[in-house]
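To keep things clear, I will list the structure first and then write my remarks on it.
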Amino acid sequence: MLKTSLFSILLFVLSQKVIAQGFYDRATVQTIEVFFSATNWDAQLDALASSTEDYLLADSVRVNGIVYDSVGVKYKGNSSYNANNNKNPIHIALDWVHGSYDYQGYTDIKLQNGYQDPSMIREVLSYAILEQYMDCPKANFANVYINGTLRGLYSSAESINKKFYGDHYYTSDGAAFKCNPVGGAGPGSTISPDLKYINSDSASYANGYELKSTYGWNALVDMIDTLNNNFNAIESNLDVDRALWMLAFNNVLVNLDSYSGAFRQNYYLYKDLNERFITTCWDLNMSFAGFPGGTGSGASVSTTLDPMSNSTSSIHPLIVKMLGNAMYKRMYLAHIRTIVQEIFASADYITTANTIRATIDASVQADPYKFYSYTQYQNSLTTAVSGGGGGPGGGSTIPGIQALMTARVAYFNTNANYVLVAPTITGITSSNASPNYGQTITISATCSNETAVYLGFRLEHPLKFNRIPMFDDGAHNDGVAGDHIYGADITLNGVILEYYIYAENAVAGLFSPQRAEHEFHTLMINLPVPAIGEVLINELMADNGTTALDSNGENDDWIELYNTTANGIDLTGLYLSDDAANLMKWQIPIGTSVAANDVLVFWTDNDALQSGLHTNFKLSSAGELLILSDGITIYDQVIFGVQTTDVSYARCPDGGTFSFTAPTFDALNDCIATITEIEIPLQISIFPNPTAENVFISSTENNSLHVQVIDLQGRILYKIVTSEQLIEIPSSSWQSGYYRIIVQSETGKISNIPFLKE
């Protein structure tokens with residue numbers, strides 16, 4: 001029965017939250033096992049790769065011991081794929097057949113085969129560097145087995161999809177494009193996602209960009225038109241700072257299988273809630289000069305790749321336009337200096353590289369199909385390696401990462417643009433260290449060698465930064481005119497002040513903090529938020545069938561907050577989240593209020609772009625955690641189990657104890673209709689019970705079952721997702737004692753059965 005299983009489900013939910021980051025933990029090597037019934041699986045995958053590029057159905061995939069039946073698997077990649085390879089890049093879609101399947105929230109697993117990389121670490125090391133300057137995928141490694149045979153060590157990079165957008169850009173339903181040519185790039189390619197303006201017809205761009213959302217072509221064409229023909233307005237529809245970081249990163253790391261190279265590809269564009277496209281880097285396995293294709297506009301040498309490379313190119317309009325703008329050029333060069341000084345001149349990357357190498361060393365040795373020898377792998381950090389690689393470009397010389405970057409640092413230190421002297425920024429202060437909402441304060445900064453100083457700020461975390469001038473005129477709480485102390489006033493009509501300083505002279509610029517806009521200074525605002533206990537999560541529905549429609553006519557999940565006081569309450573400064581590690585996942589909009597002794601409905605539908613109160617996450621009908629907080633302090637939280645269609649989980653009486661009840665949408669709760677127990681049994685049996693050996697589950701269900709075994713301490717000992725009608729649980733080696741088996745079907749039925757291990 002649901003009441004008795006709730007504690008076990010709670011433990012399962014909490015344990016899932018704890019390990020949510022584990023799949024891409026760089027200190028671990030994951031284990032992924034793929035099982036095909038057909039012995040000619042490789043030929044079938046090759047046939048699909050050369051024709052429809054569709055998935056081949058795998059009988060099951062096991063990820064770190066958790067089994068998923070009926071999963072989509074296909075080969076991926078352009079130059080890294082070759083039908084003659086024993087080890088090709090792989091894309092696994094856990095949810096290809098069963099839409100509810102995921103591993104720690106991830107539905108897609110993308111695996112790179114180490115082509116053109118004797119070091120094996122280029123992709124993972126590159127993302128470890130990039131994450132310090134802009135949002136990017138997480139990445140680590142996995143040992144991959146097919147039908148029980150090790151295929152080798154793969155790098156594993158997080159897929160850029162709706163989950164990624166929601167986690168980083170606060171919405172997931174914006175216009176999205178994968179910027180790779182349809183059919184792949186290569187020598188002789190006549191189309192690329194180069195951001196060149198062709199005409200106003202979106203069909204003219206269809207072969208150069210892959211639409212990953214249900215709409216967006218007109219927005220893309222508008223942005224490209226603005227970039228090429230109305231550049232003064234570019235900040236209205238492109239996140240310029242992230243584009244500059246991308247270009248700086250590509251240049252410093254000689255990452256030319258990118259927009260900065262010959263094919264102008266391997267990045268994503270996503271239009272966020274600020275109505276601007278954001279660039280996201282992708283496919284970094286050929287960074288550190290592993291790409292043989294060059295810059296696409298003239299000869300270049302990896303060690304001496306100029307930061308102004310492609311600034312006059314006829315095929316790189318983004319670079320030409322950005323570096324043709326004096327301020328953006330100074331910002332770009334500031335980002336170049338930051339990456340070079342923080343990561344490479346300091347040798348920080350060598351520590352990171354050696355840590356990664358220690359993690360994967362044994363797996364590299366065991367890899368039966370690696371493209372390079374273990375000796376080449378050992379030497380590849382410091383020594384150039386020839387041969388290996390396979391496929392187009394295979395056999396070329398790949399520079400040692402450390403040798404390359406040592407030479408790059410030496411080159412930058414003599415480069416005319418790099419050595420230009422930037423201003424300094426010191427003494428950043430606020431006129432009020434603990435301001436109240438609505439107050440006006442002054443941010444001040446002391447500079448030298450500057451001609452202009454700017455303040456970038458925002459008053460809500462998901463919003464874009466506004467850049468305004470700071471003044472040294474004696475009229476902005478900046479001391480006396482001409483003393484190099486600059487001030488700017490801000491009225492704090494938001495929930496938090498996040499800001500940075502940018503100073504420049506005629507030749508160079510500097511940010512504080514230097515990683516801005518990715519990092520920033522923060523000033524907390526004292527908000528008129530309610531006291532703990534004055535606003536509570538009062539009712540939720542995670543499986544809305546016909547109970548209520550939002551303004552878009554959709555049956556979405558919803559929750560209600562309840563004002564326990566006799567006065568109206570402003571909810572400005574509070575957040576809702578379903579992730580204990582990210583309390584600020586969705587911010588309640590400024591000015592949102594709830595009337596005295598009343599409730600307010602929020603749609604938890606991951607449709608934050610819709611008008612009204614729509615969060616950027618959904619509730620899981622399988623049960624999870626919901627939190628109300630101010631971003632630091634938890635005001636209220638509820639952990640709920642498996643939900644039944646059109647049954648609420650609500651406090652009865654209002655503000656009281658949660659139980660299952662008939663819904664009272666947008667109204668105070670009707671506790672007379674409380675459902676004290678909901679029992680939806682599964683047609684299963686568990687035997688033998690008790691047992692000294694393995695235990696079996698027999699099922700007559702016609703859909704997949706999620707099975708977990710939990711001990712009395714709440715630890716999950718075994719998990720599997722399967723559609724088999726006889727399930728064997730390997731319990732023979734477990735210690736004697738009581739355990740609980742929780743079995744849940746995709747239709748919401750659940751059984752929680754204890755068994756005794758003798």
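The values are calculated or read from the model by the stated rules, or taken from the named source; none is laboratory data. Just so it is clear, the structure is predicted and the values come from calculations on it, not from any experiment. Cβ sites come from the backbone with ideal geometry, for glycine too, and all protein chains shown count toward neighbours. Each accessible area value is taken on the protein alone, full model and side chains, heavy atoms only, with ligands, DNA and RNA left out. Shrake-Rupley method; radii C 1.70, N 1.55, O 1.52, S 1.80 Å.
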Rounded to whole Å², per residue accessible area for region 142-201 with a 1.4 Å probe reads 36
Total charge of the residues flanking residue 217 in space, meaning their Cβ is under 15 Å from its Cβ, with Lys and Arg +1 and Asp and Glu -1, is -1
Computed about the Cα centre, the charge dipole of region 283-353 from +1 Lys/Arg and -1 Asp/Glu charges at the Cβ has a magnitude in debye, to the nearest 20, of 300
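Over region 540-645, what is the relative contact order in percent, taking alpha-carbon pairs closer than 8 angstrom and at least six residues apart?
It comes to 27 percent, rounded to a whole number.
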Burial-style ranking of 315-324, 409-418, 114-123, average other-beta-carbon count within 10 Å with highest first, yields 114-123, 315-324, 409-418
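Mind running the shape call on region 176-266? Use the C-alpha gyration tensor, a ≥ b ≥ c as the square roots of the eigenvalues: rounded below 1.5 for a/c, prolate if a/b tops b/c, oblate otherwise.
oblate
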Heavy-atom accessible area per residue of region 614-665, all protein chains kept, 1.4 Å probe, expressed in Å², is 31
Computed for region 149-206: size of charge dipole around the Cα centre, +1 on C-beta of each Lys and Arg, -1 on C-beta of each Asp and Glu, debye to nearest 20, value 200
Here, residue 728 and residue 236, labelled 7 Å along Cα→Cβ, have an inter-label distance in nm of 6.8
accessible surface per residue for region 478-569, probe 1.4 Å, DNA/RNA/ligands not counted, whole Å² -> 36
Taking the dipole of region 314-383 about the Cα centre (Lys, Arg +1; Asp, Glu -1; charges at Cβ), the one of 338, 353, 319 that reaches farthest to the positive side is 319
Extension length gain for residue 645 and residue 50 (0.36 nm per residue less Cα distance), in nm, is 209.8 nm
Computed for the chain: size of charge dipole around the Cα centre, +1 on C-beta of each Lys and Arg, -1 on C-beta of each Asp and Glu, debye to nearest 20, value 2400
So for region 399-553, using the alpha carbon gyration tensor with a ≥ b ≥ c as root eigenvalues (a/c under 1.5 gives rounded; past that, a/b versus b/c decides prolate or oblate), I'd call it oblate
Among (i) 28.1, 87; (ii) 33.4, 120; (iii) 26.0, 82, the value of Rg and Dmax of the Cα atoms in Å computed for this structure carries the label (i)
Per the rule of 0.36 nm per residue minus the C-alpha distance, extending residue 687 to residue 147 adds in nm 191.5 nm
In whole percent, the fraction of accessible protein surface over the chain that belongs to carbon or sulfur atoms, probe radius 1.4 Å, stands at 50
In the neighbourhood of residue 454 defined by beta carbon distances under 9 Å, the net charge of the other residues (Lys, Arg +1; Asp, Glu -1) is 0
